[in-house]
1. Could you tell me which residue of the stretch 85-114 is surrounded by the most Cβ atoms within 10 Å (Cβ to Cβ), considering only residues that are part of a strand (DSSP E or B) and in contact with a helix residue (DSSP H, G or I) (Cβ under 8 Å, 6 or more places away or on another chain)?
2. In the stretch 269-279, is there at least one residue being outside any helix (DSSP H, G or I) and either in contact (Cβ under 8 Å) with a residue 12 or more places away in the chain or among the aliphatic types (A, V, I, L, M) (or both)?
3. Name every residue in the stretch 201-214 that is of a type in the set (Val, Ile, Thr) and either more than 14 Å from Thr165 (Cα to Cα) or modelled with pLDDT of 80 or more (or both), in order of residue number.
4. Go over the candidates Glu153, Glu148 one by one and state the one that is closer than 20 Å to His201 by Cα, out of contact with any Lys or Arg (no Cβ under 6 Å at 6 or more places or on another chain) and exposed (fewer than 13 other Cβ atoms within 10 Å of the Cβ).
5. Just name the residue that is farthest from Trp120 (Cα to Cα) out of those in the stretch 155-201 that are among the acidic types (Asp, Glu) and within 20 Å of the chain's Cα centre (by Cα).
Amino acid sequence: MNNIVELPRPSLNFSPKSLLYAAGAVFLLIGVFSGYYTVSSESEAVVQRFGKFQFIAKPGLHFKLPYGVDTATIVPVRRQLKLEFGFGTPNSTNPDQSSDEADLERDMVTGDLNAAQVEWIVQYSISSPEKYLFQVRSPGATLRDLTESVMCEVIGDRTVDEVLTIGRTEIAQEALKRLKSVLQVLDMGVTAEQIQLKNVHPPAPVQRSFDEVNRAQQEREQLINEANGDYNRVIPKARGLADQRISGAEGFAVQRINEAQGDVARFKELLLQYDKAPAITKQRLYLETMNEVLPKLGPKIVIDEDAKQFLPLMNLK
């Protein structure tokens, strides 16, 4: 009564053996792609077999046992890395470079129980990739904790004025010294190279008051520098003038002494001649004196005070 039409069944074009071949091909491709790795020129690879350390691979193309038997961890040993505290640079390649608790990291307490917000950078390098991976757990986080601890210790030994103004360089040097000492004890394959303080300022509620104090200190330093400048300009000039006058007085004294000694020598010589011939010496002195005085008198005529007439003395031709 009802017409039932049976459709032909589709035929399968592959066999179970084909599935086996396909699975083998996929397995082989996975083995090929997981059997080699490349190490860049600034890095080295730590190779592990079933989690156990095997060797350090230098830069270049290398092969390893596939399927997770061997694992290669790339470590940038020839690159300078850095950690940022109190702030963070977005899109950084180093996962340990910044922290989500930057606001807590920069809040410090100084030795005189004042608050300061400190932002700093630590530059470091990995000296031993094997020790870096296996000596401590989470080496990047451990290094951050060590650095923060050292900085808190150093800031706690300083006053707020030293932290905010004159002591920044000394603080960075002291923190670096202590961090190197701790890393040497832990031997975690990391070398701290530099610590640099970036922004150091008081908390926001007291920022205005601190700025006013800072301006007052700057004005004080400016006035001191101006006074030192005037001192350095006036005092050397006065000293030079005093030395000049002293030298002139000493020269004048030497001149007068020499003149006096010369006069004494001439007088002694004259006295010797006078003792030998008083009349002749007296006459000579009189003539010499008149020879010097008369030319200075000009057109004058000197006559004898006992002369009775003036005309006989004149040559009226």
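The values are calculated or read from the model by the stated rules, or taken from the named source; none is laboratory data. Everything numeric here is computed off the predicted structure, so don't read it as measured data. Here the Cβ is made from the backbone with ideal geometry for all residues, glycine too, and neighbour counts use every protein chain on show.
1. Let us first name the residues in the stretch 85-114 that are part of a strand (DSSP E or B), namely 85, 107-109.
Next, from what is left, pick out any that are in contact with a helix residue (DSSP H, G or I) (Cβ under 8 Å, 6 or more places away or on another chain): 85, 108-109.
Details: Phe85: 23, Met108: 21, Val109: 13.
Result: Phe85.
2. Pass one, the stretch 269-279, residues outside any helix (DSSP H, G or I): 277.
Next, from what is left, pick out any that are either in contact (Cβ under 8 Å) with a residue 12 or more places away in the chain or among the aliphatic types (A, V, I, L, M) (or both): 277.
Yes, because at least one residue in the stretch 269-279 is outside any helix (DSSP H, G or I) and either in contact (Cβ under 8 Å) with a residue 12 or more places away in the chain or among the aliphatic types (A, V, I, L, M) (or both).
3. Taking the stretch 201-214 as the starting set, the residues that turn out to be of a type in the set (Val, Ile, Thr) are 206, 213.
The answer is Val206, and nothing else.
4. On the way: Glu148 fails: exposed (fewer than 13 other Cβ atoms within 10 Å of the Cβ).
From the options Glu153, Glu148, the qualifying one is Glu153.
5. Going residue by residue through the stretch 155-201, those that are among the acidic types (Asp, Glu) are 157, 161-162, 170, 174, 187, 193.
Within this subset, residues satisfying the condition of being within 20 Å of the chain's Cα centre (by Cα) are 161-162, 170, 174, 193.
Details: Asp161: 18, Glu162: 16, Glu170: 14, Glu174: 14, Glu193: 14 Å.
Out of the qualifying residues, it is Asp161.
Results for (1) in the same structural domain as Asp103 (by TED's automatic domain parsing); (2) assigned to a helix (DSSP H, G or I); (3) at pLDDT below 85, shown as yes or no for each residue.
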position	(1), (2), (3)
Asp161	yes, yes, yes
Thr169	yes, yes, no
Gln184	yes, yes, no
Ala216	no, yes, no
Arg233	no, yes, no
Ser247	no, yes, no
Ala253	no, yes, no
